[in-house]
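Remarks on the structure that follows.
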2 protein chains.
Amino acid sequence: MNTTQISAQRIAADIETIGSLSECDPAIGYSRPTFSDPWREARDYVIAEGERFGGETRIDAFGNVHIRRAETGGGRPVWLCGSHLDSVPSGGKYDGVMGVVIALEVFRVAPDVPLEVIIFAEEEGTTFGVGMLGSRSWAGEVSPTQLAALKNRHGLSFVEAGALYGVDPRRMEADRLHREQYRGMIEVHAEQGLELWKTGIPAAAVTRINGRREYEVRFSGQGNHAGSTRMTDRRDALTGASEAILMIEALGRRLDQEQQHSVMTVGCVRVQPNAMNVIPGQAIFTVDFRAQEEQILDNGEQRLREELDRIAVQRDLGVEVAVNERVSPSPLDETLRKLFQEAARRLGKTLPEVPSGALHDAARIATCLPAGMLFVGSRDGISHDPREYSRNEDIVEAAEIVLETVRG
Amino acid sequence: MNTTQISAQRIAADIETIGSLSECDPAIGYSRPTFSDPWREARDYVIAEGERFGGETRIDAFGNVHIRRAETGGGRPVWLCGSHLDSVPSGGKYDGVMGVVIALEVFRVAPDVPLEVIIFAEEEGTTFGVGMLGSRSWAGEVSPTQLAALKNRHGLSFVEAGALYGVDPRRMEADRLHREQYRGMIEVHAEQGLELWKTGIPAAAVTRINGRREYEVRFSGQGNHAGSTRMTDRRDALTGASEAILMIEALGRRLDQEQQHSVMTVGCVRVQPNAMNVIPGQAIFTVDFRAQEEQILDNGEQRLREELDRIAVQRDLGVEVAVNERVSPSPLDETLRKLFQEAARRLGKTLPEVPSGALHDAARIATCLPAGMLFVGSRDGISHDPREYSRNEDIVEAAEIVLETVRG
């Protein structure tokens, strides 16, 4: 057993450095959109550190970074360990970064362990509208054609915007994940919920990852003058959308009572024409729906559609529902979870087990490889926000469990 | 009595030409933001037509265009007649344009009448956030300092963006409206409501113009991860805002039952960070509130504030309410309305009387000069929308009443 080599100082410094490379303002938060300068600088920092400790870097055709020592594993399967560096707009310092930094630190201190550090591209989905794109496309779930159709706010596709960062449709077919090369995937992530922090637990093993469905809902009414159109003569798309947003909140609460850890969220809204003196003719919003079982997702989607239709009919509005994404719930690998538990026991630590409400790259890789995750407590459950924080000693504890696990 | 000179063809052609000069797409609508190229081209067209019929042009220090014949009035007060050419984003072809085109047509056919055509700058308020800026600042209600503080979406102030279009703070003090120069102000405008169209009335005289208050409301909660934050642990700013938007709709309906022609509208919404997988930490929206009496506005504002506070307390959210604008209700000039009625009678027309829910430049000029307005029916009451439409024969009828009025 040897964990003394994990350096708390180095981990803290890595996190601060990557935070400082973001487009950042402590009041507004940290922004590293995929294929932006801050994202590239963060990635380059990890690459430089990996290479300083003997690593060689390969960027795959999907924009994911792989760092490993040339001779590692001697042709036998290696551990894959990492997470992502892209962030939501105005996010925090820990989401994704923590998992990359732990992988880097384990890589630094354990040259004897067959390990590949990975940085996945576009996990958050806020740049190209679909989450975990790097891991999903590497795992073969997303085609080059689909990647060429997903656009960022500048109208550039994942393929166009990623060309400078290694994305290359010609190499994609050959460059998919080869499962025989890997022993398993380990990702450490901030919990982004309250469970660990409120009970003072530093780290936990993740049992399963909720599935997610993403919808875009568009209510259509009649744009009109806000001064001269009587209240009774209106077909206001925004008041319809507002009724729907409250319905979605109530439906999310009912589903959570029926099965724990179900959630429904409206995160984006826009209205047209969006002028203070014009009744909105269109109101468009997203719905993010997560649950532990496919059946809850099916059932919730049906109830959502019925309620949206009811509101549209009552208000004489049009309504369209587009499904942007359907990700199934992912149970994580039980054998790997036992390895985490044994490693924790050898270190004299207890390791509780929790489900994940958030999606992670490990969930996508779990379709190809044994995948395991550790969570680290998030202060007050706050995430995707500049106030996101995890204790450095908790991060170090997770790093020590990872190191002990891969050393076996 | 001589009305035969008003040309229906010329009026129709003027409206089409100005529509074609807009940033336009029949599906999306007509956009002529103040101080944009399309707005300048529309203005230049009217100036060229006025000059072709003997007019001379003066642009005042606030960006308003004045066209009159050099010797007109012989030093005695002249009629002021016009409206505005700026539009809401994706608006229609008639709003504002109709009043300018009628003034131009009367100017063309009645060289004997002492008349000044006016095109007011920034009536809609969608470019600089405050409506009727050209008329209000000319009437002395807005200071150069205030104009320098109002910004468009590019961050340029009314003074900066307007510099190329005649706005000049150094001339403002000397360039205010001199009431002794004018006999009265006449504005023709699309009704933008259903009253005339549904009863088949071509045109009506306006009795009074509703007052308006504009607010910006900001709900503050806690931005957080949409997947890992339980429904019961959320402080979602958008669900609070949605509850407020429905409350505002209900309050508007109650006020309208208490006094006809009261309306409340939420036209703009934005959320932060506006990512599909992040619970909104901030939700900001505008409220547009109109009523016929100051007392209704005071009472409605108080009820609005109480309800917003109640929602914020119940949901553990912060709420701030900023007042962007307070415009008092404006009765229009009774004598001028009688002149309209006499002119209509001489032409063998009936001229019903209606209040205006919408604000207009004439409301601001009414604080300085006798001001009168005619409304022309709007198909289905639709306005601020590409489907905005008024019958050309109705517009011609209004033009004939104006001509008959100024000819006396």
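Residues that are at the interface with chain A (Cβ under 10 Å from one of its Cβ atoms), closer than 22 Å to A:Asp288 by Cα and open to solvent by less than 10 Å² (accessible area, probe 1.4 Å): does region B:215-223 have at least one?
Here is the first cut: in region B:215-223, the residues at the interface with chain A (Cβ under 10 Å from one of its Cβ atoms) are B:215-216, B:222-223.
With the extra rule that they be closer than 22 Å to A:Asp288 by Cα, the set shrinks to B:222-223.
Next cut, open to solvent by less than 10 Å² (accessible area, probe 1.4 Å) only: B:223.
Yes, region B:215-223 has at least one match.
With among the small types (Gly, Ala, Ser), assigned to a helix (DSSP H, G or I), buried (at least 21 other Cβ atoms within 10 Å of the Cβ) and in the same structural domain as A:Gly82 (by TED's automatic domain parsing) as the only criterion, which of A:Ala358, A:Ala343 stands out?
Numbers: A:Ala358 fails: assigned to a helix (DSSP H, G or I).
Testing whether each residue is among the small types (Gly, Ala, Ser), assigned to a helix (DSSP H, G or I), buried (at least 21 other Cβ atoms within 10 Å of the Cβ) and in the same structural domain as A:Gly82 (by TED's automatic domain parsing) leaves just A:Ala343.
Does any residue of region B:72-90 turn out to be of a type in the set (Phe, Trp, Tyr), at pLDDT 95 or above and in a strand (DSSP E or B)? Steps first, answer last, please.
Filtering region B:72-90 for residues of a type in the set (Phe, Trp, Tyr) gives B:79.
Now narrow it down to the ones that are at pLDDT 95 or above: B:79.
Keeping just the survivors that are in a strand (DSSP E or B) gives B:79.
There is at least one residue in region B:72-90 that is of a type in the set (Phe, Trp, Tyr), at pLDDT 95 or above and in a strand (DSSP E or B).
Give B:Asp112, B:Asp86 a once-over and let me know the one that is crowded, with 24+ Cβ neighbours inside 10 Å and either charged (D, E, K, R) or not assigned by TED's automatic domain parsing to the domain that holds B:Arg387 (or both).
Values: B:Asp112 fails: crowded, with 24+ Cβ neighbours inside 10 Å.
Sole residue among the options that is crowded, with 24+ Cβ neighbours inside 10 Å and either charged (D, E, K, R) or not assigned by TED's automatic domain parsing to the domain that holds B:Arg387 (or both): B:Asp86.
Please give the number of the condition A:Ala241 fails out of (1) in contact with a strand residue (DSSP E or B) (Cβ under 6 Å, 6 or more places away or on another chain); (2) open to solvent by 10 Å² or more (accessible area, probe 1.4 Å); (3) within 8 Å of chain B (Cβ to nearest Cβ).
Tallying (1) in contact with a strand residue (DSSP E or B) (Cβ under 6 Å, 6 or more places away or on another chain); (2) open to solvent by 10 Å² or more (accessible area, probe 1.4 Å); (3) within 8 Å of chain B (Cβ to nearest Cβ), A:Ala241 fails exactly one: (2).
Going through region A:287-323 one residue at a time, which ones are open to solvent by 70 Å² or more (accessible area, probe 1.4 Å), under 16 Å from A:Arg254 (Cα atoms) and either touching a helix residue (DSSP H, G or I) at 6+ places or on another chain (Cβ under 6 Å) or not in a helix (DSSP H, G or I) (or both)?
A:Glu293
Give me the residue from region A:275-286 that is of a type in the set (S, T, N, Q) and crowded, with 21+ Cβ neighbours inside 10 Å and, out of that set, nearest to the chain's Cα centre (by Cα). First the steps, then the outcome.
Step one: filter region A:275-286 for residues of a type in the set (S, T, N, Q), giving A:277, A:282, A:286.
Then keep just the ones that are crowded, with 21+ Cβ neighbours inside 10 Å; that gives A:277, A:286.
On the way: A:Asn277: 38, A:Thr286: 17 Å.
So the residue we want is A:Thr286.
So A:His261 ticks every box in (1) in a helix (DSSP H, G or I); (2) at the interface with chain B (Cβ under 8 Å from one of its Cβ atoms) but one. Which box is left unticked?
In the conditions (1) in a helix (DSSP H, G or I); (2) at the interface with chain B (Cβ under 8 Å from one of its Cβ atoms), A:His261 misses (1) alone.
Just give me the residues in region A:202-243 being assigned to a loop (DSSP other than H, G, I, E, B), in contact with a helix residue (DSSP H, G or I) (Cβ under 8 Å, 6 or more places away or on another chain) and either closer than 22 Å to A:Ala363 by Cβ or of a type in the set (D, E, K, R) (or both), in sequence order.
Hits for region A:202-243 are A:Arg230, A:Asp236.
Identify, from the list A:Gly348, A:Gly357, A:Gly372, A:Gly408, the residue that is without any contact (Cβ under 8 Å) to a residue 12 or more places away in the chain and not acidic (Asp, Glu).
Numbers: A:Gly357 fails: without any contact (Cβ under 8 Å) to a residue 12 or more places away in the chain; A:Gly372 fails: without any contact (Cβ under 8 Å) to a residue 12 or more places away in the chain; A:Gly408 fails: without any contact (Cβ under 8 Å) to a residue 12 or more places away in the chain.
None of the other options fit; the residue is A:Gly348.
How many of the residues in region B:252-295 are in contact with a Ser or Thr (Cβ under 6 Å, 6 or more places away or on another chain) and not acidic (Asp, Glu)?
Final tally of qualifying residues: 9.
When you go through B:Ile67, B:Ile59 one by one, which is the residue that is farther than 23 Å from A:Pro273 by Cβ, touching a Ser or Thr at 6+ places or on another chain (Cβ under 8 Å) and more than 14 Å from chain A (Cβ to nearest Cβ)?
Details: B:Ile59 fails: touching a Ser or Thr at 6+ places or on another chain (Cβ under 8 Å).
Being farther than 23 Å from A:Pro273 by Cβ, touching a Ser or Thr at 6+ places or on another chain (Cβ under 8 Å) and more than 14 Å from chain A (Cβ to nearest Cβ) holds for just one of B:Ile67, B:Ile59, which is B:Ile67.
Tell me, please, whether a residue that is polar (S, T, N, Q), part of a helix (DSSP H, G or I) and either within 15 Å of B:Val167 (Cβ to Cβ) or modelled with pLDDT of 95 or more (or both) can be found in region B:108-131.
Of all residues in region B:108-131, those polar (S, T, N, Q) come to B:126-127.
Narrowing the set further to residues that are part of a helix (DSSP H, G or I) leaves none.
Scanning region B:108-131, I find no residue that is polar (S, T, N, Q), part of a helix (DSSP H, G or I) and either within 15 Å of B:Val167 (Cβ to Cβ) or modelled with pLDDT of 95 or more (or both), so the answer is no.
Could you list, in sequence order, the residues of region B:135-194 that are open to solvent by less than 20 Å² (accessible area, probe 1.4 Å) and within 14 Å of chain A (Cβ to nearest Cβ)?
Of everything in region B:135-194, those that are open to solvent by less than 20 Å² (accessible area, probe 1.4 Å) and within 14 Å of chain A (Cβ to nearest Cβ) turn out to be B:His189, B:Ala190, B:Glu191, B:Gln192, B:Gly193.
Here are B:Thr367, B:Thr335: which of them is of a type in the set (Val, Ile, Thr), assigned to a helix (DSSP H, G or I), out of contact with any helix residue (DSSP H, G or I) (no Cβ under 7 Å at 6 or more places or on another chain) and more than 30 Å from A:Thr286 (Cα to Cα)? So that I can check it myself, show each step before the final result.
Numbers: B:Thr367 fails: assigned to a helix (DSSP H, G or I).
Only one candidate qualifies: B:Thr335.
Give the number of residues within region A:36-83 that are among the charged types (D, E, K, R), over 20 Å from the mean Cα position of the chain (by Cα) and surrounded by 20 or more Cβ atoms within 10 Å (Cβ to Cβ).
2
Which residues, taken from region A:224-238, are touching a residue at least 40 places away in the same chain (Cβ under 8 Å) and open to solvent by less than 30 Å² (accessible area, probe 1.4 Å)? Reasoning before the result, please.
First, the residues of region A:224-238 that are touching a residue at least 40 places away in the same chain (Cβ under 8 Å): A:224-227, A:229, A:234-238.
Scanning region A:224-238 gives A:Asn224, A:His225, A:Ala226, A:Gly227, A:Thr229, A:Asp236, A:Ala237, A:Leu238.
The values are calculated or read from the model by the stated rules, or taken from the named source; none is laboratory data. Being a predicted model, the structure only gives us computed values, none of them experimental. All Cβ positions, glycine included, derive from the backbone under ideal geometry; neighbour counts span all protein chains shown. Calculation scope for accessible area: heavy atoms of the full protein, side chains included, ligands and nucleic acids excluded. Shrake-Rupley method; radii C 1.70, N 1.55, O 1.52, S 1.80 Å.
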